[in-house]
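See below for the structure under consideration.
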Protein chains: 2
Amino acid sequence: MAGMSDEPARASAITDLMHAGRETSRLSTVFRYAIADRLGLTVSDLECLDFLADAGSATAGQIAERANVTTGAVTSMLRRLQQAGWVTAERDPADRRRVIVTLRPERAAELERPYERFAHRAAQLVEGYSVAEIRLLARHFERMRAMYLAELTGLRDGGPTRRSPSR
Amino acid sequence: MAGMSDEPARASAITDLMHAGRETSRLSTVFRYAIADRLGLTVSDLECLDFLADAGSATAGQIAERANVTTGAVTSMLRRLQQAGWVTAERDPADRRRVIVTLRPERAAELERPYERFAHRAAQLVEGYSVAEIRLLARHFERMRAMYLAELTGLRDGGPTRRSPSR
DNA sequence: GAGATTATCTTAGTCATTAAGATAATCGCA
DNA sequence: TGCGATTATCTTAATGACTAAGATAATCTC
């Protein structure tokens, strides 16, 4: 096999991969909308809660950056989420300008529930794969994750036209 | 190797995969937000335009369903998109209740532009993979796509609590 | 052709978000 | 030490996308 030209096959496989990848990304966004709606949250709220579930706790500023909203939006978001009992927020004793936000641990499971069916099906999907294949997929997703993070900061900083002229 | 118990390794690989997969999905949503923002569009607008880029043209009702918004929202969305020169909209001569919306072909490339850097990096990522590996990834994404579609219709139909009580 | 259905549009009101600037705490440096 | 600069969050006013409910208008059905 080595040295044999498989360029056409390779190119077509890459095209397939790109198309399926983008469509999956698109659908995952719509799916996330639906999940947030189901939980009575905005997408930004869900973003925040998922981030907290992963990170444990974070400052208001970190949440703003991560959810891609202004700090003003985070202020009202936190009021919302505190009122609904999702998070606690208190000033950092070490630096009293900061607000440390923590996901209430007893609510974390509730956040997972809409994903349960999905996770179950995803596990079934993987059943037929070898360990090596699973590792390949995990590595790939990890690289994509890094790419998204890099591109996001790139879009934020490098963007000359951030908004339509009317805003 | 065959018959050897690799269950612990397998389980940990699956955990890694699930984690990276979910994080990637989350980031891709934030990325889509950023792309829409960069184009001066809402996420619904982008959803609509991407749908049109794929489908060629569609009725207002089909767009509403696809973008998960009411027909009233589509009306103002179309005014927006027409004004910005993204689409044309005209009544269907065969059924004058319908409005047929078409993406202006000369604007389609513009829709791709914010993805270019991303696509370029994604291509680099894949350079080191064998054709078999690329095919594995493409197959996996295709299966995920199918899963998302199935779960989405499930969420839409089976959902008892669609909104928070205050709305 | 009358009533039911379908597709889109209108209207009024809601709410998350932004921009700009206020407030308050911490840092850096003379 | 103390003062100006920086950093983190909050406030305010305004914007605009969205929804629900119902209006309008075209098409089906019998």
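Where a number appears in this text, it was derived from the coordinates with a stated rule and is not lab data. Please read these numbers as outputs of a predicted model, since none were measured by experiment. Note: ideal-geometry Cβ built from the backbone for every residue, glycine included; neighbour counts use all protein chains shown.
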Practice task
Hey, could you check the stretch A:15-29 for residues that are of a type in the set (V, I, T) and surrounded by 20 or more Cβ atoms within 10 Å (Cβ to Cβ) and say which is farthest from the chain's Cα centre (by Cα)?
Solution key: A:T24
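Return the residues of the stretch A:22-59 that are in contact with a Leu (Cβ under 8 Å, 6 or more places away or on another chain), facing chain B (nearest Cβ under 7 Å) and either under 23 Å from A:M144 (Cα atoms) or in contact (Cβ under 8 Å) with a residue 40 or more places away in the chain (or both); say none if nothing qualifies. I'd like the intermediate steps shown before the answer.
Our first condition is that a residue be in contact with a Leu (Cβ under 8 Å, 6 or more places away or on another chain); within the stretch A:22-59, this holds for A:27, A:30-32, A:34-36, A:38-39, A:41, A:45-46, A:48-50, A:52-53, A:56-58.
Now restrict to residues that are facing chain B (nearest Cβ under 7 Å): A:27, A:30-32, A:34, A:38, A:50.
Scanning the stretch A:22-59 gives A:L27, A:V30, A:F31, A:R32, A:R38, A:D50.
Being farther than 19 Å from A:A138 by Cβ and either within 16 Å of DNA strand C (Cβ to nearest atom) or within 12 Å of chain A (Cβ to nearest Cβ) (or both): is that true of B:V126 here? Even if it seems obvious, please write down each step before you answer.
Numbers: farther than 19 Å from A:A138 by Cβ: no; either within 16 Å of DNA strand C (Cβ to nearest atom) or within 12 Å of chain A (Cβ to nearest Cβ) (or both): yes.
Considered against the rule, which asks whether it is farther than 19 Å from A:A138 by Cβ and either within 16 Å of DNA strand C (Cβ to nearest atom) or within 12 Å of chain A (Cβ to nearest Cβ) (or both), B:V126 comes out as no.
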Problem - One residue from B:T75, B:T71 being hydroxyl-bearing (S, T, Y), free of Cβ contacts under 8 Å to residues at least 12 places away in the same chain, more than 26 Å from A:E151 (Cα to Cα) and within 13 Å of DNA strand D (Cβ to nearest atom) - result: B:T71
Problem - Search result, residues across the stretch A:92-111 that are more than 13 Å from DNA strand D (Cβ to nearest atom) and surrounded by 12 or more Cβ atoms within 10 Å (Cβ to Cβ) - result: A:L103, A:R104, A:R107, A:A108, A:E110, A:L111
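Take the stretch B:65-117 and flag every residue that is away from DNA strand C (no atom under 16 Å from the Cβ) and within 14 Å of chain A (Cβ to nearest Cβ).
Step one: of the stretch B:65-117, the residues away from DNA strand C (no atom under 16 Å from the Cβ) are B:84-85, B:104-117.
Selection gives B:A84, B:G85, B:E110, B:L111, B:E112, B:R113, B:P114, B:Y115, B:E116, B:R117.
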